[in-house]
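The values are calculated or read from the model by the stated rules, or taken from the named source; none is laboratory data. Everything quoted here is computed from the prediction, not taken from an experiment. Every residue, glycine as well, gets a Cβ built from its backbone with ideal geometry; the counts of neighbours run over all protein chains shown. Remember, those area values only see protein heavy atoms, side chains included, never the ligands or the DNA or RNA. Shrake-Rupley method; radii C 1.70, N 1.55, O 1.52, S 1.80 Å.
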Amino acid sequence: AGGVYLLFSSRKKKSEHVKFVMGKFNYEAQHVPASLLSSGLVYVDRTTTGADEAPVGEVQRTVSVPVRNARGLDLSIDSNGVKLVPHVIQHVDYEDVDAVVRKYYPECCRLVKEYTGAAEVLAFDHNLRGSAVQSWMNKSENEKEQKPALGTKYQSPAAIVHGDYSVTSAPLRLRMLSEPPKVNDTWGSVTKGNPLIEPQEVEKRLKRRYMFINVWRNIADEPVEDMPLGVVDATTVPNSDLVTFEVRYVDRTGENYLAKYDPPGGIADDRYHKWLYFPRMTKHEAMLLKTWDSAGVQFEGFEGEGHTGNKDMAKPPSTFCLHSAFKDETVSADCPKRRSIEVRLVAFF
């Protein structure tokens, strides 16, 4: 479904050696309204525990597309929005929030600073995810399938094509870091209840280039096989494919972008929604995933909202990456279930 994709096939091999696998991705149905700003018609209510109610106005269609093995490709955060890097560290108990915030957050800050050249990097949130956890974003194809519970510390993989911010929510999220921490703000224990960013500094920072970025890693001893993370090259998605999706919390409303799949003329190639993944990621490497770049050219014209720029500022070709967990059909059905952590950070230049 979704059109024809131009591709040269290769022989089926083990996942770490294949050039590509076919992946099924949950896009939005054609009748769901595309929008760069919120329509108020597409949203989900989320409780303070992070659990989701059924979404409103969000209707999915599954599209099968090739996902390229990105190991060995010359990717950059500025150009493509994603990069896999080695990251050998002393691991912590990732289920211990305090250990993650006090020991792992600083490791992620150092890593992002090294690979982006940012002047300052702050970590402010994280999620644990396990493919054994089911939700409306990770439904089993077999309703009778029983998966082991991981407990409330883990969320399901987000098996829906999305970006973490919108042109509206990116600056809003930055402003929120200049407020006292709220109930779910993990960094509050480090700042002792003070804002992560000084309130008098936030407007200045909004006028400079800032970048939201995730550090995504496997936290299991086994390589990731079940529900790996697929990422779209950030330069291959037109704005006309984006759908603003509200995430309504108890104390705030965030926004993500969902996406529609509608290649021109029904034929897609590498210039349209080019999917990438890094097969069999280990716990000794990390994926750097750009979730918003205020200097990215994709949102020029939105100055004063999610875009900042002047004649002297760099203009990276990518703004953010759509991404989604997906099922790799080349791996065994009884492979170990994925467990991963993503830490959210903001970098200032």
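Please pick out the residue among D241, D226 that is among the charged types (D, E, K, R), in contact with a Ser or Thr (Cβ under 6 Å, 6 or more places away or on another chain) and within 28 Å of L84 (Cβ to Cβ). Let's see the steps before the verdict.
Working: D241 fails: in contact with a Ser or Thr (Cβ under 6 Å, 6 or more places away or on another chain).
On inspection, the qualifying residue turns out to be D226.
Being assigned to a loop (DSSP other than H, G, I, E, B) and free of Cβ contacts under 8 Å to residues at least 40 places away in the same chain, is that true of even one residue in region 61-71? Write out each step before concluding.
The first filter runs over region 61-71 and keeps only residues assigned to a loop (DSSP other than H, G, I, E, B), leaving 70-71.
Then keep just the ones that are free of Cβ contacts under 8 Å to residues at least 40 places away in the same chain; that gives none.
No.
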Query raised in the report: Can you name the number of the only condition in (1) within 20 Å of the chain's Cα centre (by Cα); (2) at pLDDT 95 or above that S131 fails?
Result: (2)
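Look through region 180-195, keep the residues that are in a loop (DSSP other than H, G, I, E, B) and touching a Pro at 6+ places or on another chain (Cβ under 9 Å), and return whichever of them is farthest from R102 (Cα to Cα).
The first filter runs over region 180-195 and keeps only residues in a loop (DSSP other than H, G, I, E, B), leaving 180-187, 192-195.
With touching a Pro at 6+ places or on another chain (Cβ under 9 Å) added as a condition, the list becomes 180-181, 187, 193-195.
Details: P180: 18, P181: 16, W187: 9, G193: 15, N194: 16, P195: 16 Å.
Of everything passing the filter in region 180-195, P180 is farthest from R102 (Cα to Cα).
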**Report entry** Subset of region 152-197 [over 23 Å from the mean Cα position of the chain (by Cα) and open to solvent by 50 Å² or more (accessible area, probe 1.4 Å)]
**Finding:** E179, P180, S189, V190, K192, N194
Query raised in the report: Only one of these conditions is not met by D251: (1) over 21 Å from the mean Cα position of the chain (by Cα); (2) modelled with pLDDT of 95 or more. Which number is it?
Result: (2)
Query - Matching residues, region 175-195, being of a type outside the set (S, T, N, Q) and farther than 19 Å from P106 by Cα - result: R175, M176, E179, P180, K182, V183
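Condition test on L345, is it touching a Cys at 6+ places or on another chain (Cβ under 8 Å) and either closer than 20 Å to L128 by Cα or without any contact (Cβ under 8 Å) to a residue 12 or more places away in the chain (or both)?
On the way: touching a Cys at 6+ places or on another chain (Cβ under 8 Å): yes; either closer than 20 Å to L128 by Cα or without any contact (Cβ under 8 Å) to a residue 12 or more places away in the chain (or both): yes.
When the stated conditions are applied, L345 passes them.
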Query raised in the report: Does region 111-130 hold any residues that are in a helix (DSSP H, G or I) and open to solvent by less than 20 Å² (accessible area, probe 1.4 Å), and which are they?
Result: L111, V112
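Specify the residue that is farthest from E225 (Cα to Cα); the eligible residues are those in region 1-37 that are at pLDDT below 75 and surrounded by 15 or more Cβ atoms within 10 Å (Cβ to Cβ). Full working, then the answer.
Step one: filter region 1-37 for residues at pLDDT below 75, giving 1-17.
Checking which are surrounded by 15 or more Cβ atoms within 10 Å (Cβ to Cβ) leaves us with 2-3, 5, 7, 15.
Working: G2: 26, G3: 27, Y5: 25, L7: 24, S15: 9 Å.
Here the residue is G3.
Residues V247, V231, V167, V202: which one is more than 18 Å from L288 (Cα to Cα), of a type in the set (V, I, T) and part of a strand (DSSP E or B)?
Details: V231 fails: more than 18 Å from L288 (Cα to Cα); V167 fails: part of a strand (DSSP E or B); V202 fails: part of a strand (DSSP E or B).
One residue alone meets the criteria, V247.
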**Report entry** Every residue from region 298-315 that is closer than 25 Å to F25 by Cβ and not polar (S, T, N, Q)
**Finding:** F299, G306
